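Bear in mind that the values in this text are calculations on the coordinates, not laboratory data. Keep in mind that this is a model prediction, so the values were computed, not measured. Glycine gets a Cβ as well: all are built from the backbone with ideal geometry, and neighbour counts include every protein chain shown.
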Amino acid sequence: MSHPLLQLEDFCVSYGAVEAVHHIELRVDAGEIVTVIGPNGAGKTTLLCAAMGLLPSRGRMLLDGNRMARISVEAMVARGVALVPEKRELFGEMSVEDNLLLGGFSRWWRGERDQRPRMKEVFGIFPRLEERRAQLASTLSGGERQMLAIGRALMARPRLLMLDEPSLGLAPRIVREVLQVVSSLRQHGVSVLLVEQNARAALQVADRAYVLEMGAVALQGPANELLHDRRIIDTYLGLGARAGEETARGVRS
Ligand SMILES: Nc1ncnc2c1ncn2[C@@H]1O[C@H](COP(=O)(O)OP(=O)(O)OP(=O)(O)O)[C@@H](O)[C@H]1O
Ligand SMILES: [Mg+2]
């Protein structure tokens, strides 16, 4: 039997004496897009940062069924995990190309001295970045910056890409564009753990979802089931979805 790519068991994260993430059980299988949705302050960013080794945690993390003795950023990168943080942390005064080269640094360090083939693949995923390869990152539009942040993470050839709110601050059309690319990453052998406040957009591209509320998993299941779950519709998808669903019910009955 194959093991999940990522598995968190009884995973807890605290800020000092205050526990922000409580006893999380979560898994991402190879080839899956899994989303964690939930309101402001639910603990989504905390969960991702701890899973990447940026914050201390308690509990267990397994990659491919092997327990990680110590969760550090270096160990996670070496095991093929990449994070695109909520604050994109691009180098504004550097070009698109140089930002991408920095994303490939961990591989360069391990002997892959020619980054051009990988950059070509990333440009294949984000043609817009190739058109703007010489442009300073600080002058990109919001959507292009998000693409660069994802492209930079992809330079490390991750097997698991963790994304913190890629839709943040983007117009709905750009959100769709970015998330379509995210869903296409499966074809490139990349699994995705997608943290989103934009529940509708996330559930539309994900295979499975976890709803995080006050640091704990309140609900989980296949994304298409949660899209039609009354609690999710009422709490996270708003009036539009509700009206739409009631219309659909009316048609059925
Ligand atoms: N550095 C910190 N020190 C103390 N408490 C923190 C710290 N960072 C976050 N918290 C608290 O932890 C809880 C979870 O925050 P977190 O940023 O993980 O939420 P989130 O789900 O990502 O929210 P958002 O959707 O607004 O990004 C919040 O109550 C927050 O105030
Ligand atoms: Mg957050």
Inset, instruction - Sort 61-69, 17-25 for me by packing, meaning the mean count of neighbouring Cβ atoms within 10 Å per residue, highest on top. - result: 17-25, 61-69
Inset, instruction - Could you size up the charge dipole of the chain around its Cα centre, putting +1 on the beta carbon of Lys and Arg and -1 on that of Asp and Glu, and report it in debye to the nearest 20? - result: 400
Inset, instruction - Within the stretch 52-81, which residues have the backbone N less than 12 Å from the label spot 7 Å out from C12 along Cα→beta-carbon, could you tell me? - result: 57-60
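Using the Cα gyration tensor of the chain, with a ≥ b ≥ c the square roots of its eigenvalues, what is the shape: rounded (a/c below 1.5), prolate (a/b larger than b/c) or oblate (neither)? Present the calculation step by step, with values, prior to reporting the outcome.
Values: a/c = 1.83, a/b = 1.25, b/c = 1.46.
It is oblate, given that a/c is not under 1.5 and a/b is not larger than b/c.
Compute the signed sum of charges (Lys and Arg +1, Asp and Glu -1) over the other residues within less than 12 Å, Cβ to Cβ, of E86.
Numbers: positive: K44, K87, R88; negative: E89, D164, E165, E196.
Local net charge: -1.
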Legend entry - 222 nm mean residue ellipticity, helices alone, for the chain (DSSP H n ≥ 4; -39,500 (n - 2.57); rounded to 500): -10500 deg cm²/dmol
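To the nearest 20 Debye, how big is the dipole of the stretch 39-183 about its Cα centre, given +1 on the beta carbon of each Lys and Arg and -1 on that of each Asp and Glu?
480
Based on the alpha-carbon gyration tensor of the stretch 68-215 and its eigenvalue square roots a ≥ b ≥ c, which shape applies: rounded if a/c is under 1.5, prolate if not and a/b is larger than b/c, or oblate?
Working: a/c = 1.68, a/b = 1.15, b/c = 1.45.
Taking the square roots of the gyration eigenvalues as a ≥ b ≥ c, the stretch 68-215 is oblate.
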Inset, instruction - Please report how far the C-alpha centroid of the stretch 197-216 lies from that of the stretch 1-25, rounded to the nearest whole angstrom. - result: 17
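When DSSP beta bridges are limited to those with both residues in the chain, what percentage is antiparallel, rounded to the nearest 5? Please report the intermediate quantities before stating the final value.
On the way: 21 of 39 bridges.
In the chain, DSSP labels about 55 percent of beta bridges as antiparallel.
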Inset, instruction - Decide, for the stretch 35-139, between rounded, prolate and oblate: order the square roots of the alpha carbon gyration tensor eigenvalues as a ≥ b ≥ c, take rounded if a/c falls under 1.5, and otherwise choose prolate if a/b is larger than b/c, else oblate. - result: oblate
